[in-house]
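The values are calculated or read from the model by the stated rules, or taken from the named source; none is laboratory data. Please read all numbers here as calculations on a predicted model, not as lab measurements. Please note: Cβ atoms are built from the backbone with ideal geometry, for glycine as well, and neighbour counts cover all protein chains shown. SASA here: full protein model, heavy atoms, side chains in, ligands and nucleic acids out. Shrake-Rupley method; radii C 1.70, N 1.55, O 1.52, S 1.80 Å.
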Amino acid sequence: PNNTALTFNNNSITYKTLNEKANKIAQEILKNPTQNNVVGLCVERSLDMIIGMLGILKSGCAYLPIDPEYPKQRVNFMLKDAKVDTIVSQSSLLNLFDEFKINPILVDEIDDSQNNTIELPTVKETDLAYIIYTSGSTGKPKGVPISHKNIINSTASRLDFYNENPSAFFP
C-alpha cells in the first residue's frame, strides 16, 4: 500500500492513497442512483485523471472520456448521446459545462476527511467499462461501448505479443 502507484511530472501517490481517493469519487457518484450508467470524465492529464477513472469504475459505472480541448458542440453531442448526467472533472474546467444540466464531481475538491460509508458495488464482466466516440469523419460520431470482458480479452490477447515482464520496457 505504501509503494508508488502513480507518478506524473513531479507528483506521486501511493496505492493506498490512490485507492482512498478513487473510493471517495465512487462514493460521490453513488450518492445519486447512477450504477451501470455512463459518467463523463473530463480532466487534464494528471494524477486526477487516473483517480477519476478508477473512481467511476469502482462505482459500477462506465466512463466517457472527454478531452477538455474538444469543441463545445462535440462535448454537447457526446453528453446527450451517452445520456450523461454526472461528470468527474476539475474545478478549473467547470466552466466547460455551464450550458449543460449536469452533476459535477470535482476531483480536486473531494474532502479527504470524509469517511468511506457507502458500500461499493460488485462489477460484472458484462458491465460497461467505458464508451469511446469515433472521430465522426464519415458523418456523426458514434459511441462504441467497451465492457470489462472486452478489456480482459484485449489484454489477454496481447500477453503473447509482449514480454512477460512489462517492467523490462521501462528503465
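In the range 74-88 there is no residue matching the filter, namely being out of contact with any His (no Cβ under 7 Å at 6 or more places or on another chain) and modelled with pLDDT under 85. For the range 133-152, filtering for residues that are open to solvent by less than 60 Å² (accessible area, probe 1.4 Å) and over 21 Å from V39 (Cβ atoms) leaves 2.
Filtered by the rule that a residue be in contact with a Pro (Cβ under 8 Å, 6 or more places away or on another chain) and surrounded by 17 or more Cβ atoms within 10 Å (Cβ to Cβ), the range 70-85 gives F77, M78.
Residues checked against (1) out of contact with any helix residue (DSSP H, G or I) (no Cβ under 6 Å at 6 or more places or on another chain); (2) open to solvent by less than 30 Å² (accessible area, probe 1.4 Å); (3) part of a loop (DSSP other than H, G, I, E, B); (4) on the phi > 0 side of the Ramachandran plot:
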position: N32; (1), (2), (3), (4): yes, no, yes, no
position: E44; (1), (2), (3), (4): yes, no, yes, no
position: I50; (1), (2), (3), (4): yes, no, no, no
position: L57; (1), (2), (3), (4): yes, no, no, no
position: L64; (1), (2), (3), (4): yes, yes, no, no
position: P68; (1), (2), (3), (4): no, yes, yes, no
position: V88; (1), (2), (3), (4): no, yes, no, no
position: L93; (1), (2), (3), (4): yes, yes, no, no
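Here E28 passes the criteria (1) in contact with a strand residue (DSSP E or B) (Cβ under 7 Å, 6 or more places away or on another chain); (2) charged (D, E, K, R); (3) surrounded by fewer than 18 Cβ atoms within 10 Å (Cβ to Cβ); (4) not in a loop (DSSP other than H, G, I, E, B) except the one numbered (3).
When the residues of the range 95-132 are narrowed to those that are in contact (Cβ under 8 Å) with a residue 60 or more places away in the chain and assigned to a strand (DSSP E or B), which ends up surrounded by the most Cβ atoms within 10 Å (Cβ to Cβ)? By that ranking, first place goes to I105. Hey, any hits in the range 72-80 for a residue that's closer than 21 Å to F8 by Cβ and not in a loop (DSSP other than H, G, I, E, B)? No, that holds for no residue.
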